[in-house]
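Chemist: Attaching a single structure in structure tokens format; questions to follow.
The values are calculated or read from the model by the stated rules, or taken from the named source; none is laboratory data. Please read all numbers here as calculations on a predicted model, not as lab measurements. In this analysis, Cβ positions are derived from the backbone assuming ideal geometry, glycine residues included, and neighbour counts consider all displayed protein chains.
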Amino acid sequence: MTFSFDDAATFAIPDSGVISNGTYRCGSYGLVTAPFPSPGPQGPYQTNLAVFNGANPNGVWSLYVHDDGAFENGRIDGAGA
């Protein structure tokens, strides 16, 4: 499966159900955004990718993903281009 994130996408990444190939806006669901467990960053969190405009793209980057739903699992896998 291949999908990407774009602030201009029509739909946000779904909160539940199957994710299919496509382009999505970032999303945050629930009444309160749960903090990432350590060593993840502490809030406030953004769902707008434009916060990175003007940032230096070089250097060390980290991706943190937190699914607080019970009995769910998955995997992020890929190879650099």
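Chemist: For residues in region 47-61 being in contact (Cβ under 8 Å) with a residue 12 or more places away in the chain and assigned to a loop (DSSP other than H, G, I, E, B), which is farthest from Cys26 (Cα to Cα)?
Modeler: Among those that are in contact (Cβ under 8 Å) with a residue 12 or more places away in the chain and assigned to a loop (DSSP other than H, G, I, E, B), it is Asn48.
Chemist: If you don't mind, another one. If we keep just the residues of region 44-61 that are surrounded by 10 or more Cβ atoms within 10 Å (Cβ to Cβ) and either over 22 Å from Ser4 (Cβ atoms) or of a type in the set (A, V, I, L, M) (or both), which is modelled with the highest pLDDT?
Modeler: It comes out as Leu49.
Chemist: Considering only residues that are within 12 Å of the chain's Cα centre (by Cα) and among the hydroxyl-bearing types (Ser, Thr, Tyr), which ones fall in region 4-19?
Modeler: Ser4
Chemist: Go through the residues of region 10-19 one by one and say whether even a single one is in contact with a strand residue (DSSP E or B) (Cβ under 7 Å, 6 or more places away or on another chain), surrounded by 10 or more Cβ atoms within 10 Å (Cβ to Cβ), outside any loop (DSSP other than H, G, I, E, B) and touching a residue at least 40 places away in the same chain (Cβ under 8 Å).
Modeler: no
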